[in-house]
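Worksheet for the structure shown next.
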Amino acid sequence: MKRQQIAAGNWKMNKDYKEGRDLAKAIADGMGNSENLAILGVPATHLKAVSGIVKKVANLEVAAQNCHQAESGAYTGEISVGMIKSVGAKYVILGHSERREYFNEGHELLAAKVNTVLEKRLIPIFCCGEPLAIREADTHVAHVKQQLEESLFHLKTKDFRKVVIAYEPIWAIGTGVTASPAQAQDMHKAIRSLIADRYSVAVADETTILYGGSVKPANAKELFGQPDVDGGLVGGASLKAADFLQIIDSF
Ligand code: 13P
């Protein structure tokens, strides 16, 4: 089975409502008949409007950037998966390093969020990746292994098969320093073999693993050309329609 290739944008906390709609419209208009799936990870306030815009385009979907693990209740300021689903988004980005670092999201909490997203039949885009010190100590595979083991590998096969993984080395996020294609390939291959060990080679072969960290039009083709890199999770370069469209066309 051919793996789903995806170019996903993560707008983070950027773009006001009008700017967000304009950006989504420009991407929707420029997508044409692209066969590759593109996903816009937008702020919660934009989910409904952007869902309405992407509905008209095949292969364009919307993601939330976070959710609460509970179905509903007294959690002032939080957003549930049911709410996200009710406005038309199909994906939820979970475990981004910024959520882990600034909002203290740990393995156990992320496992609970993954469960809630899957229970509601949405798709988690689960982020993993190591800080610079871990890369320099050459323990990055063990670091990512623990992230996967503690927040994903409790899943039964049928649920795990729905998950999209995004490997985002923290030292490459927003820094302009991209992992080299070889570094990305090595880690993606390692992740795939961890999945094969836990589940099966067949499951590993069909799991989409995205690379994130300073992906731009100039490097997307080479990164996406690596055998185990199935696309990207793109921050800064997803905020400009022309750049993101070029990235979508980089497979
Ligand atoms: P940049 O593409 O801006 O480095 O951000 C990557 C990222 O964090 C996507 O989730």
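Here are the numbers for this structure:
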| item | result |
| --- | --- |
| Answer residue from the stretch 127-151, given it is in contact with a helix residue (DSSP H, G or I) (Cβ under 8 Å, 6 or more places away or on another chain) and of a type in the set (Val, Ile, Thr) and is farthest from ILE209 (Cα to Cα) among those | ILE134 |
| Matching residues in the stretch 145-162 - criterion: being in contact with a Pro (Cβ under 9 Å, 6 or more places away or on another chain) and crowded, with 22+ Cβ neighbours inside 10 Å | LEU152 |
| Filter result (in a loop (DSSP other than H, G, I, E, B), open to solvent by 20 Å² or more (accessible area, probe 1.4 Å) and not β-branched (Val, Ile, Thr)) within the stretch 36-71 | ASN36, PRO43, LYS55, LYS56, ALA58, ASN59, GLN65, ASN66, HIS68, GLN69, ALA70, GLU71 |
| Qualifying residue in the stretch 188-201 (condition: in contact (Cβ under 8 Å) with a residue 12 or more places away in the chain and within 21 Å of ILE248 (Cβ to Cβ)) | yes |
| Enumerated strands (runs of 3 or more DSSP E) restricted to the stretch 72-181, each holding at least 3 residues that are free of Cβ contacts under 8 Å to residues at least 60 places away in the same chain and of a type outside the set (D, E, K, R) | 123-128 |
| Count of residues meeting criterion [under 16 Å from the mean Cα position of the chain (by Cα) and either of a type outside the set (D, E, K, R) or away from the ligand (no atom under 15 Å from the Cβ) (or both)] in the stretch 207-229 | 14 |
| Filtered residue count, the stretch 111-133, keeping only those that are over 23 Å from VAL87 (Cβ atoms), within 16 Å of the ligand (Cβ to nearest atom) and of a type in the set (A, V, I, L, M) | 1 |
| Residue identified as hydrophobic (A, V, I, L, M, F, W, C) and closer than 17 Å to LEU223 by Cβ among ALA142, ALA133, ALA112, ALA166 | ALA166 |
| Number of the condition not met by GLY232 [criteria: (1) touching a helix residue (DSSP H, G or I) at 6+ places or on another chain (Cβ under 8 Å); (2) more than 9 Å from the ligand (Cβ to nearest atom); (3) under 18 Å from LYS2 (Cα atoms)] | (2) |
| Selection status of LEU40, away from the ligand (no atom under 16 Å from the Cβ) and either without any contact (Cβ under 8 Å) to a residue 12 or more places away in the chain or within 15 Å of VAL92 (Cα to Cα) (or both) | no |
| All helices (runs of 4 or more DSSP H) inside the stretch 197-251 with 3 or more residues being surrounded by fewer than 18 Cβ atoms within 10 Å (Cβ to Cβ) | 201-206, 217-224 |
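The values are calculated or read from the model by the stated rules, or taken from the named source; none is laboratory data. Please read all numbers here as calculations on a predicted model, not as lab measurements. Please note: Cβ atoms are built from the backbone with ideal geometry, for glycine as well, and neighbour counts cover all protein chains shown. Just the protein is used for accessible areas: all its heavy atoms, side chains included, with ligands, DNA and RNA removed. Shrake-Rupley method; radii C 1.70, N 1.55, O 1.52, S 1.80 Å.
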